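**Student:** There's a structure below that I have some questions on.
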Amino acid sequence: FLTMVLPMSLLTQNVLKKAVAKAALDYVLNKVSSDSIIGIGTGSTTNFFINLLGPHKNKFKGAVASSLASANKLESYGIEILDLNSVHEIEIYVDGADEVNQTLELIKGGGGALTREKITAAVASEFLCMVDDTKLVTSLGQFPLPIEVIPMARSYVARKILEIGGDPVYRQGYVTDNGNNILDIHHLYPIKSAREIEEKINHIAGVVANGIFSIRHADVVLIGTTDGIKTIKPN
Ligand code: 5RP
């Protein structure tokens with residue numbers, strides 16, 4: 001027999017992702033009522049969350065999804081998907097992250113869905129982020145920062161990124177749900193002011209969004225660790 005052998009660390013990470021997704025589910029179910037709309041992020045941690053949320057679909061009205069992939073998965077559980085333009089309030093937005101610091105700033109976009117994630121998080125009254133403890137950092141920037149760019153602006157944006165000390169790598173063969181390209185920016189570590197870098201990159205013509213979530217950071221971060229679930233909240 002051919003057996004798939006997964007590295008132990010990946011197995012542990014998935015166990016922690018599932019555990020934190022369960023803690024996020026408990027948090028969300030405590031908040032929502034039958035007319036609540038939940039914002040749903042993208043990625044493997046979010047997929048664990050959706051699997052757990054599915055059986056509770058009657059406890060809330062529906063969901064706004066940050067990607068076509070998450071929308072399809074939610075629909076497979078019979079959860080109603082709402083267009084953000086028809087929604088005034090998202091009670092809570094739930095998503096993973098690639099890096100989280102102690103002040104609840106994030107890097108997101110490893111899965112390429114950062115723009116819709118940023119929009120959904122901006123609308124939401126509360127942003128609940130769920131991660132395993134490999135994502136917790138003292139300074140952001142070791143994870144290459146994804147930025148979504150309009151295709152015709154890709155080279156121009158890459159030149160501007162070099163000027164601020166980053167090293168842009170084109171995510172070959174990947175097209176976002178919005179029809180755009182992704183540049184992954186290496187060598188920004190350590191990012192001293194996440195907000196300053198977020199604003200600086202936002203001002204480059206042709207950038208749709210960048211993966212720093214500082215202006216709209218998380219409100220609560222749940223962290224799955226081998227010692228149980230830890231929580232970071234602002235003081
Ligand atoms: C997708 C994201 C994800 O939240 C991030 O990449 C974390 O993913 P995972 O839960 O698979 O580790 O920002 O754009």
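The values are calculated or read from the model by the stated rules, or taken from the named source; none is laboratory data. Bear in mind the structure is a predicted one, so any value in this text is a computation, not a measurement. Using ideal geometry, Cβ is built from the backbone for each residue, glycine included, and neighbour counts are taken over all protein chains shown. SASA here: full protein model, heavy atoms, side chains in, ligands and nucleic acids out. Shrake-Rupley method; radii C 1.70, N 1.55, O 1.52, S 1.80 Å.
**Student:** What are the equivalent ellipsoid semi-axes of the stretch 162-235, built from the alpha-carbon gyration tensor (square roots of five times its eigenvalues), in whole angstrom, biggest first?
**Tutor:** 27, 17, 14
**Student:** How much accessible surface area, in Å² rounded to 10, belongs to the heavy atoms of ARG116 with a 1.4 Å probe?
**Tutor:** Accessible surface of ARG116 is approximately 80 Å².
**Student:** Would you work out which of TYR156, GLY166, PRO144 lies farthest towards the positive end of the dipole of the stretch 96-180? Charges go on Cβ: Lys and Arg +1, Asp and Glu -1.
**Tutor:** TYR156
**Student:** For the chain, with a Gaussian network of springs between Cα atoms less than 10 Å apart, report the residue from SER70, SER125, SER86 with the top mean-square fluctuation.
**Tutor:** The residue that fluctuates most here is SER86.
**Student:** Ok, one more. What's the long-distance tail for the stretch 1-128, i.e. % of Cα pairs beyond 27 Å?
**Tutor:** Pairs farther apart than 27 Å: 17 percent.
**Student:** Still on this structure, I have one more. With a ≥ b ≥ c taken as the square roots of the eigenvalues of the C-alpha gyration tensor of the stretch 47-97, please select rounded if a/c is under 1.5 and otherwise prolate if a/b is larger than b/c or oblate if it is not?
**Tutor:** On the way: a/c = 1.40, a/b = 1.22, b/c = 1.15.
Rounded, since a/c falls under 1.5.
**Student:** Direction-averaged shadow area of the convex hull around the Cα atoms of the chain, nm²?
**Tutor:** For the chain, averaging the hull's shadow over all directions gives 14.3 nm².
**Student:** Now for a separate question. Tell me what the chain gives for mean residue ellipticity at 222 nm when only DSSP H runs of n ≥ 4 count, each as -39,500 (n - 2.57), the sum divided by the residue total, rounded to 500 deg cm²/dmol.
**Tutor:** Here the helix-only value at 222 nm equals -9500 deg cm²/dmol.
**Student:** Sketch the reach of a paramagnetic label on VAL15 as a point 7 Å from Cα along Cα-to-Cβ, and name the residues of the stretch 104-133 whose backbone nitrogen lies under 16 Å away.
**Tutor:** Hits in the stretch 104-133 for VAL15 at 16 Å: 132-133.
**Student:** What residue among ALA65, ALA158, ALA121 shows peak mean-square fluctuation when the chain is described by a Gaussian network model with Cα springs under 10 Å?
**Tutor:** Checking each option, the largest mean-square fluctuation is seen for ALA158.
**Student:** Can I ask one more? State which entries of LYS31/LYS57; LYS135/LYS160; LYS160/LYS233; LYS17/LYS233; LYS59/LYS230; LYS59/LYS108 exceed 24 angstrom in Cα-Cα distance in the structure shown.
**Tutor:** LYS135/LYS160; LYS160/LYS233; LYS59/LYS230; LYS59/LYS108
**Student:** First select every other residue whose beta carbon is under 14 angstrom from the beta carbon of ASP26; then total the charges, Lys and Arg +1, Asp and Glu -1.
**Tutor:** Values: positive: LYS18, LYS22, LYS31, LYS59; negative: none.
Its environment carries a net charge of +4.
**Student:** Quick one: pull the percent of accessible area on the stretch 145-235 belonging to carbon and sulfur, 1.4 Å probe, ligands and nucleic acids left out. Don't skip to the answer; put the middle values down first.
**Tutor:** Numbers: 2440 of 4770 Å².
Answer for the stretch 145-235 is 51 percent, counting heavy atoms of protein chains only.
**Student:** What does the accessible area per residue of the chain come to in Å², with a 1.4 Å probe and no ligands, DNA or RNA counted?
**Tutor:** Dividing the accessible area of the chain by its residue count gives 49 Å².
**Student:** Considering only protein heavy atoms and a probe of 1.4 Å, how much of the accessible area of the stretch 13-119 is carbon and sulfur, as a whole percent?
**Tutor:** Carbon and sulfur: 49 percent of the exposed surface of the stretch 13-119.
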